[in-house]
Amino acid sequence: MSGKKVRLPPEVNRIIYVRNLPYKITAEELYDIFGKYGPIRQIRKGNAPDTRGTAFVVYEDIYDAKNAVDHLSGFHVAGRYLVVLYYNAAKLQKKKDAEKQKEELAELRRKFGVE
């Protein structure tokens with residue numbers, strides 16, 4: 001590159017979301033895998049029953065995050081293929097809102113005996 005920064009698509013983010021991780025993967029192993037693409041500010045590994053096998057990786061630089069997503073999607077680790085996506089707060093919130101609506105609807109159905 002000639003010193004000129006490439007324009008990035010809007011979904012590109014310094015924070016990436018990783019799914020399909022082996023449950024036994026260590027923080028050190030995550031740093032080894034993701035650290036190859038640039039300095040990492042933080043890795044948060046899911047440990048609740050519904051977040052196991054997931055992690056958020058926060059890079060110092062957005063271009064390093066892009067490079068990691070480009071190279072690590074489908075990466076094979078301990079018999080699993082990683083799903084690596086850009087973190088999207090709005091999409092995650094929509095999913096939570098939809099789940100909450102489903103729960104509220106189910107509660108109303110139970111309360112009023114509607115099938």
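Counting only residues that are surrounded by fewer than 15 Cβ atoms within 10 Å (Cβ to Cβ) and charged (D, E, K, R), the range 45-80 holds 5 of them. Say we look at the range 17-45 and pick out the residues that are of a type in the set (Val, Ile, Thr) and modelled with pLDDT of 95 or more; which of these is farthest from Tyr81 (Cα to Cα)? Among residues in the range 17-45 that are of a type in the set (Val, Ile, Thr) and modelled with pLDDT of 95 or more, the one farthest from Tyr81 (Cα to Cα) is Ile40.
Of everything listed in (1) touching a Gly at 6+ places or on another chain (Cβ under 9 Å); (2) part of a helix (DSSP H, G or I); (3) surrounded by 16 or more Cβ atoms within 10 Å (Cβ to Cβ), the single unmet condition for Val84 is (2). Checked across the range 7-19, the condition of being in contact with a Gly (Cβ under 7 Å, 6 or more places away or on another chain) and closer than 19 Å to Asn88 by Cα holds for at least one residue.
Would you be able to say whether some residue in the range 21-41 is at negative phi, outside any helix (DSSP H, G or I), in contact with a Gly (Cβ under 9 Å, 6 or more places away or on another chain) and exposed (fewer than 12 other Cβ atoms within 10 Å of the Cβ)? Walk me through it before giving the result.
So the first thing to find is which residues in the range 21-41 are at negative phi, and the list is 21-37, 39-41.
Next, from what is left, pick out any that are outside any helix (DSSP H, G or I): 21-26, 39-41.
With the extra rule that they be in contact with a Gly (Cβ under 9 Å, 6 or more places away or on another chain), the set shrinks to 21-23, 25.
Of the ones still in play, those that are also exposed (fewer than 12 other Cβ atoms within 10 Å of the Cβ) are 23.
Scanning the range 21-41 turns up at least one residue that is at negative phi, outside any helix (DSSP H, G or I), in contact with a Gly (Cβ under 9 Å, 6 or more places away or on another chain) and exposed (fewer than 12 other Cβ atoms within 10 Å of the Cβ).
Please verify whether Asp70 is at pLDDT 90 or above, outside any loop (DSSP other than H, G, I, E, B) and within 21 Å of Leu8 (Cα to Cα), treating the condition exactly as stated. It would help to see each step written out before you state the result.
On the way: at pLDDT 90 or above: yes; outside any loop (DSSP other than H, G, I, E, B): yes; within 21 Å of Leu8 (Cα to Cα): yes.
Yes; evaluated as a whole, the condition is true for this residue.
Within the range 21-49, residues that are over 12 Å from Val77 (Cβ atoms) reach partners that are charged (D, E, K, R) with beta carbons closer than 6 Å, at six or more positions or on different chains, in the pairs Tyr37/Asp64; Gly38/Asp61; Gly38/Asp64; Pro39/Glu60; Arg41/Glu60; Gly46/Arg52.
The values are calculated or read from the model by the stated rules, or taken from the named source; none is laboratory data. Computed from a prediction, not measured in an experiment: that's the story for all the values here. In this analysis, Cβ positions are derived from the backbone assuming ideal geometry, glycine residues included, and neighbour counts consider all displayed protein chains.
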